[in-house]
Amino acid sequence: MRIAIASDHAGFIQKAPLAEYLRSQGHEVVDMGPATDDRCDYPDFADKVARAVARGDAERGVLICGTGLGIAMAADKVPGVRAVPIQTVDFARLCREHNDANVIGLSGRFVPLEENEKILDTFLTTAFEGGRHTGRVEKIMREDDPDFQGVPADFGM
Ligand code: RB5
């Protein structure tokens, strides 16, 4: 699989080891920065990876910041991207099965490298379940529908 990876300064320590791990698993990895652990703004690197995924230049995106939270929030703003912060293997499985997530936000400060490797294994090998989840994911991806109002007004409220 072709994977785009990036971090901020707080996730930098895990970026190269995770990229190397993914290559050892047979993936093609594109490192979108940064080149050093100098202080930087995570939205800048989230945007690079998210746009690569949205364009189809990468099938999945891997982002690492201190918590995985801010960098996933920033990536999720790009149309076509479903980015989630993930700290456990179970959630990695569920974000694929139920939400068809295509970008993952990892914590470089609170989750050990070995755990993030397991999280990535699961994120990259678990298929979207489809079925009842398909329409829900379509509703998430409603950026092109300015009239979307979610639950109909008469839906049991
Ligand atoms: C950087 O200090 C930190 O705020 C960032 O890496 C991330 O955790 C934000 O969500």
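The values are calculated or read from the model by the stated rules, or taken from the named source; none is laboratory data. On a predicted model such as this, the values are computed, not experimentally measured, just so you know. We place every Cβ from the backbone using ideal geometry, glycine too, and count neighbours over all the protein chains shown. In case anyone asks, the SASA skips ligands and DNA or RNA and just uses the protein heavy atoms, side chains included. Shrake-Rupley method; radii C 1.70, N 1.55, O 1.52, S 1.80 Å.
Can you list, largest first and rounded to whole Å, the semi-axes you get for the chain by taking the square root of 5 times each eigenvalue of its Cα gyration tensor? Provide the component values of the computation, followed by the final result.
On the way: eigenvalues 154, 57, 40 Å².
Equivalent ellipsoid of the chain: 28, 17, 14 Å, largest first.
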Worksheet item: Can you give the accessible area per residue of the chain, in Å², using a 1.4 Å probe?
Response: 54 Å²
Worksheet item: Of the heavy-atom accessible surface of the chain (probe 1.4 angstrom), what whole percent is carbon and sulfur?
Response: 52 percent
Practice prompt. Would you kindly find the accessible area of F110, with a 1.4 Å probe and non-protein molecules such as ligands, DNA and RNA excluded, rounding to the nearest 10 Å²?
Written response: 150 Å²
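Cβ under 15 Å from I119's Cβ, I119 left aside: what net charge do those residues give with Lys, Arg +1 and Asp, Glu -1? Write down the numbers at each step before the final one.
On the way: positive: K15, R60, R93, R96, R109, K118; negative: D90, E97, E114, E115, E117, D121.
Taking every other residue near I119 into account, the sum is 0.
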Worksheet entry | Amide H partners (placed H, <5 Å) of V30, local residues excluded | I3, A4, I5
Discussion item. What Kirkwood Rh does the range 62-118 have if only Cα atoms enter the pairwise 1/r average? Answer in Å.
Written reply: 11.1 Å
Worksheet item: For F45, what is the net charge nearby, where nearby means another residue's Cβ is under 13 Å from its Cβ and Lys, Arg count +1, Asp, Glu -1?
Response: -3
